[in-house]
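One structure is given below, encoded as structure tokens.
The values are calculated or read from the model by the stated rules, or taken from the named source; none is laboratory data. Everything quoted here is computed from the prediction, not taken from an experiment. As a convention, Cβ positions derive from the backbone with ideal geometry for all residues, glycine included, and neighbour counts pool all protein chains shown.
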């Protein structure tokens, strides 16, 4: 004999069926819109009008590895160049866990509060195994992403130097043409990315935290020499005392380094991205730096040398791509890899063979 089903306290009454959450017509319109590929002229017009969709599409085009997109991307960039170079470019680095995204959100909100238009170019590290990236900066910066005067563009680092996206330099140009007067570039913070970012920004900010071990571990000559300012983040609660101690130690260390060509003496300050304490001081430091370097002409000289550097880097990258995509080289490369692995030829001799073959055509 079957047991009677227990009576439920809650039950749903029949009524009007809820409407579809997603409109089929809206979906179709979006799909049709995405199929339409705007011309380079249309993208440029949209960018100059401050259209975020056009800007995002142009950046996607610039980041594309499809050789067919290269000519169109270059056309967009060249058309935007006369309207670029009117922003302040700020590089922000620090080890994972230092609170870069939280700091950038607090700093970005402060700047938009001053009437600035802020573009954040956040480079996420790509997995060397799956080649994927999380691209979670928009999630971490949930307040800034809703700000109409802010634009956040996460990009995968790919296989580029230290995690700096291959086309970050061109992306800066597009954002400037779209009217963003403050460009923030967040590095991966895991190695050589600092070198590449330093070569494309006006001001380089190093984020540190206290209480993570011996402060002397953070005093590394290379990164310290590149930094225009050091900010001890997470200076709140029980960590305030440790942050002040770290500030004193970093200040002492900075005096051991040679003077910068800019004539600027790097500063050390503390801040809390959580309480927003000290965020205004960071912007004051950057403003003081800009005033000094613009008056002594170092700002313009640095921008000029950076452009030359990126021209040479682009040539190097294009030569490398042409070499590895050459059909004959690809075949010969596999043969020489096996020969090197079996100790039949030295790595240097194998490289000479490949290069000789490439340059002979």
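Are any of the residues in region 219-234 modelled with pLDDT of 85 or more, in a helix (DSSP H, G or I) and under 19 Å from residue 93 (Cβ atoms)? Within region 219-234, one or more residues are modelled with pLDDT of 85 or more, in a helix (DSSP H, G or I) and under 19 Å from residue 93 (Cβ atoms).
Of the conditions (1) touching a residue at least 40 places away in the same chain (Cβ under 8 Å); (2) on the phi > 0 side of the Ramachandran plot, residue 343 clears all except one; give me its number. Condition (1) is where residue 343 drops out. Of all the listed residues (343, 322, 336), the sole one being exposed (fewer than 10 other Cβ atoms within 10 Å of the Cβ) and outside the structural domain of residue 88 (by TED's automatic domain parsing) is 343.
Does residue 241 satisfy being buried (at least 20 other Cβ atoms within 10 Å of the Cβ) and over 27 Å from residue 294 (Cα atoms)?
Details: buried (at least 20 other Cβ atoms within 10 Å of the Cβ): no; over 27 Å from residue 294 (Cα atoms): yes.
Spelling it out, it is not the case that residue 241 is buried (at least 20 other Cβ atoms within 10 Å of the Cβ) and over 27 Å from residue 294 (Cα atoms).
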